[in-house]
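A.B. asks: Have a look at this one before I ask anything.
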Protein chains: 4
Amino acid sequence: MSDVNAILLISCPDGKGIVAQISEFIFKNNGNIVHAAQHTSKDDKLFFMRIEWELNGFSLGRDEIPAAFTPLAEKLNMKWDLYFNDFVPRIAVFVSRHLHCLHDLILRQSMGELSAKIEAVISNHTDARDLALQFGMKFYHFPINKNNKSDQEESELKLLRELNIDLVVLARYMQIVTAKFLECYPQKVINIHHSFLPAFAGGNPYQQAYDRGVKIIGATGHYATEKLDEGPIIAQDVIKISHRDDVADIQMKGKDLERIVLARALRLHLENKVLVCGAKTIVFD
Amino acid sequence: MSDVNAILLISCPDGKGIVAQISEFIFKNNGNIVHAAQHTSKDDKLFFMRIEWELNGFSLGRDEIPAAFTPLAEKLNMKWDLYFNDFVPRIAVFVSRHLHCLHDLILRQSMGELSAKIEAVISNHTDARDLALQFGMKFYHFPINKNNKSDQEESELKLLRELNIDLVVLARYMQIVTAKFLECYPQKVINIHHSFLPAFAGGNPYQQAYDRGVKIIGATGHYATEKLDEGPIIAQDVIKISHRDDVADIQMKGKDLERIVLARALRLHLENKVLVCGAKTIVFD
Amino acid sequence: MSDVNAILLISCPDGKGIVAQISEFIFKNNGNIVHAAQHTSKDDKLFFMRIEWELNGFSLGRDEIPAAFTPLAEKLNMKWDLYFNDFVPRIAVFVSRHLHCLHDLILRQSMGELSAKIEAVISNHTDARDLALQFGMKFYHFPINKNNKSDQEESELKLLRELNIDLVVLARYMQIVTAKFLECYPQKVINIHHSFLPAFAGGNPYQQAYDRGVKIIGATGHYATEKLDEGPIIAQDVIKISHRDDVADIQMKGKDLERIVLARALRLHLENKVLVCGAKTIVFD
Amino acid sequence: MSDVNAILLISCPDGKGIVAQISEFIFKNNGNIVHAAQHTSKDDKLFFMRIEWELNGFSLGRDEIPAAFTPLAEKLNMKWDLYFNDFVPRIAVFVSRHLHCLHDLILRQSMGELSAKIEAVISNHTDARDLALQFGMKFYHFPINKNNKSDQEESELKLLRELNIDLVVLARYMQIVTAKFLECYPQKVINIHHSFLPAFAGGNPYQQAYDRGVKIIGATGHYATEKLDEGPIIAQDVIKISHRDDVADIQMKGKDLERIVLARALRLHLENKVLVCGAKTIVFD
């Protein structure tokens, strides 16, 4: 009947028998594991695991799993999250005036590549309005200036709640998101930064790259945190440039990179393959 | 006391509870799993696993593990191999007249990067003699012509047995190795082919690449099989070229690639991270 | 006043003084060279050059240049083409049912990245109709079967002439274009093949790549020629895959590659940076 | 008779007719241009050119070229350097305790890839002694501590002069070279930094990369300048890492990168393909 899989993301203090006990939990309930990956962070002696199994034939219903798993989770002192791969998160995409990342996400949604639904496009400008409406998305304009930023964020958060948004994607939003906003969406705000972080953090990274004369530029997809451009990195990629590339050429090459890296980071997140460990990520790709 | 790990490479028909039973075997013997990775090949419904645990604290001695594991292995219809990461395989490197790969392996051995010992260098030419002797390796010259190939291979095999060679590396050997030879070293002969297979199989791949006008060249590290250049691929990489590169330039760029790809394939093999599944590999990197 | 540049693409038998005489022609007419690149093909002793200069201040009008240049061209036995960088070629995009490349080209046009105009979308299916119309392009449906192929191509060619199409882009068209068609658009038909040619030419390259167990897949942008997948290569790129990728994963990764490689090949062509030399290209990037 | 080429590296204020006049100079002296490349830096309105022609048939002797070229050079206000591609520069390699880059350069020299001669290895440690002597190079030990640094550099400079060293390669030297030293070898000191500059400048970049959780690491080959790690970049490259890589893994992957990037930067320099423009390079590859 169902082709749905369950996914557990787990972190706990390292120790013996964790894999055995978790896989035994699934086995004794007649589950078929289709993917399992683990990692031990030696620095802080933490164990991380992603385990995915078929619900088909599993002896526990979806709603029964948490209660059944809790005793083991408590015994091993786990943090854990349970996902089902038929869940389609609702995304709000925040953009400013550069629309290539938004356009790319729309393309991927229309190709069926995105296991999510872009519910709304939110911007401090109106450039994205036509594109959003053209593809059947809601568009909301929240112009931001020095005085209204806090109020506008408040309104945005209210809107996100009304729209039942699960995930926020900053697709070249060019505005700093406040700590208060991020608290409402912990590890649920993904940003694309148009440089190979930590190089060229902050504003105008392509100009910085041009001025420094680097031979390679990059892009970084990461969870947004309060400190700009310091969030846990999910994905990065690079492309070669040369002295023949002026800033406009670099921007054009960089746009391709931004689209691919943002899409890759988003996909990894949507497939529940990313665990955060301090300032770093564990990506079970 | 000991920092040695045990590694099991397993393949068996897919089914429920495999991970649970294997990890339970290790847990009940008080083993601490440090790495575990699995893969299910849907095409042929086979399950593959690599599991590594610390011998320190494990309740079974090295020699006791096989007997203790056999009942489970038979129950699940496994093929399995057990390795210990303090084992240092003895390698014979076969070369012809191009010495860059050999030189690179020597460098890596001297840097401590290679968890193996290059015991002997074997060649149908004498170009490598000085280099081998300079770094304290044995050198053997087996000149090969149309008439003596079979006899010389016989002698080589005899020598490899005398030297207790565990692994053969064809580091630009430029000679076809016979099926009989390969049977003596099943999945223990690693070849570097200087193209991005399956493009440009056979002779003179750089000239072929030049003639075709490709914009990227590659190298492929693979297990040697009877059919030339069709063995299971372990590692590949590529580098960009342009119309400005003549054949000599392509060769020079390719040499860097060959060295890196051969070293990567060899390292993956030596770390027992490669399982062969038909004509393909599963690489738990 | 004008910011337009003129571009000469030249090939001729190699010899002394070619650069001097060509640059002298521009200098004596008061032209300012902004780019110049040359290449000598030693195999066939041919000289290739791309030279670009500002029309602003140039003493010859656009229409006067050919006549003024002809004596030198004849003296040096040149093949040459003259372009102006304010020319906006009219493109017809041929697609089948995969729309990612078309969608990507539309995005690039809307971002101002494409110095061309997508005039029409032509397909043997109707999947692309909505997308084309949505972005203000004409859409034409030419269903093709075994019996009508020749007639339909005839009709397509007639349409292309009516629409004054300068360049044909096969953006995953999945149909072989005949020699007769190609003769009407010599080196004006660009194809994207979803493999790293010459590996996996022909149909279903991603399935072929999966079956062979390669660790890297590629895409190739090339001029279409009568022999399928053997045309001069303009651009190639690759991406890593692993045993964890099934055919669907490979297709998804490949789509990103196809979009980027087609766009790169198209841009190089549109910037008049590609010269064809037999089965190969010279790309002055 | 001779297969030697002459190479001019030129920079001057941009203007009309520069290419024409330079190529005319070569043409009228019966020279055959084999490569020519140019670049205009719009920021500072400077013109850069690399032009290479065959001495065979050229009507001027090597020694006559400078005097013959000077009038044009003065007219166009050029900085220029004249090279001949049969010149074999004498290199001193400075190392500390990491020998992989030195070992790699030795390999390349023995393969004939390096159009230079490694004359001496200089170190503040003795680890490299055996390797250097084994391959017939001189080895000099200059132990450096807080008090003797200036004196030791003085001695090193004296030695370099005695050995007629043309180029200094800092192959993981791990010591800051003083401004005084650099003044003696302007743009003749090439350093490899084991990060993707400007990310992770300074000490212990692999540890920094690990701590930050980046997904890609890099290496940078650049001309050394007084400000550490801020010199003009000649070549960069990167390699992917993951959460599975600890610092030792990152170091091992990085070593391959360092070797390749240093070799590439060195080769570009030795082929006289690099021009410095402020803090940046123009690389005519």
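A.B. asks: Can you name the residue in the range A:190-213 that is in a helix (DSSP H, G or I) and within 12 Å of chain D (Cβ to nearest Cβ) and, of all such residues, is nearest to the chain's Cα centre (by Cα)?
C.D. replies: A:Pro205
A.B. asks: Check the range D:102-120 and report whether any residue there is over 20 Å from the mean Cα position of the chain (by Cα), outside any loop (DSSP other than H, G, I, E, B), small (Gly, Ala, Ser) and modelled with pLDDT under 95.
C.D. replies: So far as the range D:102-120 goes, no, none of its residues is over 20 Å from the mean Cα position of the chain (by Cα), outside any loop (DSSP other than H, G, I, E, B), small (Gly, Ala, Ser) and modelled with pLDDT under 95.
A.B. asks: Among the candidates D:Ala20, D:Ala6, D:Ala67, which residue alone is on the phi < 0 side of the Ramachandran plot, in a helix (DSSP H, G or I) and more than 9 Å from chain C (Cβ to nearest Cβ)?
C.D. replies: When all the criteria are applied, what remains is D:Ala67.
The rows are residues; the columns are (1) among the aromatic types (Phe, Trp, Tyr); (2) touching a Leu at 6+ places or on another chain (Cβ under 7 Å); (3) within 30 Å of C:Gln134 (Cβ to Cβ); (4) outside the structural domain of A:Ala120 (by TED's automatic domain parsing).
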{"site": "A:Lys146", "(1), (2), (3), (4)": "no, no, no, no"}
{"site": "A:Glu162", "(1), (2), (3), (4)": "no, no, yes, no"}
{"site": "A:Asp166", "(1), (2), (3), (4)": "no, no, yes, no"}
{"site": "A:Ile176", "(1), (2), (3), (4)": "no, yes, no, no"}
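A.B. asks: Would you point out which residue out of A:Val95, A:Val34 is modelled with pLDDT of 95 or more, within 26 Å of the chain's Cα centre (by Cα) and either β-branched (Val, Ile, Thr) or in the same structural domain as A:Arg129 (by TED's automatic domain parsing) (or both)?
C.D. replies: Just a single option satisfies the conditions, and that option is A:Val95.
A.B. asks: Kindly evaluate C:Ala279 against the criterion of being over 30 Å from B:Phe47 (Cα atoms), at the interface with chain B (Cβ under 8 Å from one of its Cβ atoms), surrounded by fewer than 24 Cβ atoms within 10 Å (Cβ to Cβ) and aliphatic (A, V, I, L, M).
C.D. replies: yes
A.B. asks: Return yes when D:Leu266 is more than 8 Å from chain A (Cβ to nearest Cβ), at pLDDT 95 or above and within 30 Å of D:Asp44 (Cα to Cα) and no when it is not.
C.D. replies: Considered against the rule, which asks whether it is more than 8 Å from chain A (Cβ to nearest Cβ), at pLDDT 95 or above and within 30 Å of D:Asp44 (Cα to Cα), D:Leu266 comes out as yes.
A.B. asks: For the range D:63-75, check the following and say yes or no: at least one residue is in contact with an Asp or Glu (Cβ under 7 Å, 6 or more places away or on another chain) and either crowded, with 17+ Cβ neighbours inside 10 Å or outside the structural domain of D:Lys255 (by TED's automatic domain parsing) (or both).
C.D. replies: No - not one qualifying residue is present in the range D:63-75.
A.B. asks: Taking the range D:70-101, which residues are within 14 Å of chain B (Cβ to nearest Cβ) and assigned to a helix (DSSP H, G or I)?
C.D. replies: D:His100, D:Cys101
A.B. asks: Could you list, in sequence order, the residues of the range C:40-62 that are of a type outside the set (Phe, Trp, Tyr) and either outside the structural domain of C:Phe25 (by TED's automatic domain parsing) or touching a Gly at 6+ places or on another chain (Cβ under 7 Å) (or both)?
C.D. replies: C:Glu54
A.B. asks: Taking the range C:134-187, which residues are in a loop (DSSP other than H, G, I, E, B), in contact (Cβ under 8 Å) with a residue 24 or more places away in the chain and charged (D, E, K, R)?
C.D. replies: C:Asp166, C:Arg172
A.B. asks: Among the residues of the range B:23-45, what is the count of those that are facing chain A (nearest Cβ under 8 Å), closer than 22 Å to B:Ala67 by Cα and not in a helix (DSSP H, G or I)?
C.D. replies: 5
A.B. asks: So C:Ala248 ticks every box in (1) more than 9 Å from chain B (Cβ to nearest Cβ); (2) touching a helix residue (DSSP H, G or I) at 6+ places or on another chain (Cβ under 8 Å) but one. Which box is left unticked?
C.D. replies: (2)
A.B. asks: Residues of the range A:228-243 being more than 7 Å from chain D (Cβ to nearest Cβ) and either under 30 Å from D:Leu275 (Cα atoms) or surrounded by 15 or more Cβ atoms within 10 Å (Cβ to Cβ) (or both), which ones?
C.D. replies: Of everything in the range A:228-243, those that are more than 7 Å from chain D (Cβ to nearest Cβ) and either under 30 Å from D:Leu275 (Cα atoms) or surrounded by 15 or more Cβ atoms within 10 Å (Cβ to Cβ) (or both) turn out to be A:Asp229, A:Glu230, A:Gly231, A:Ile234, A:Asp237, A:Ile239, A:Lys240, A:Ile241.
A.B. asks: Among the residues of the range B:50-59, is there at least one that is more than 29 Å from B:Ala128 (Cα to Cα) and free of Cβ contacts under 8 Å to residues at least 12 places away in the same chain?
C.D. replies: no
A.B. asks: Can you name the residue in the range B:87-112 that is under 30 Å from B:Gly61 (Cβ atoms) and either in contact with an Asp or Glu (Cβ under 8 Å, 6 or more places away or on another chain) or among the hydrophobic types (A, V, I, L, M, F, W, C) (or both) and is also surrounded by the most Cβ atoms within 10 Å (Cβ to Cβ) among such residues?
C.D. replies: Filtering first and then ranking leaves B:Ile91.
The values are calculated or read from the model by the stated rules, or taken from the named source; none is laboratory data. For clarity, every value in this text was computed on a predicted model and none was experimentally measured. Positions of Cβ are generated from backbone atoms using ideal geometry, with glycine treated the same way; all protein chains shown enter the neighbour counts.
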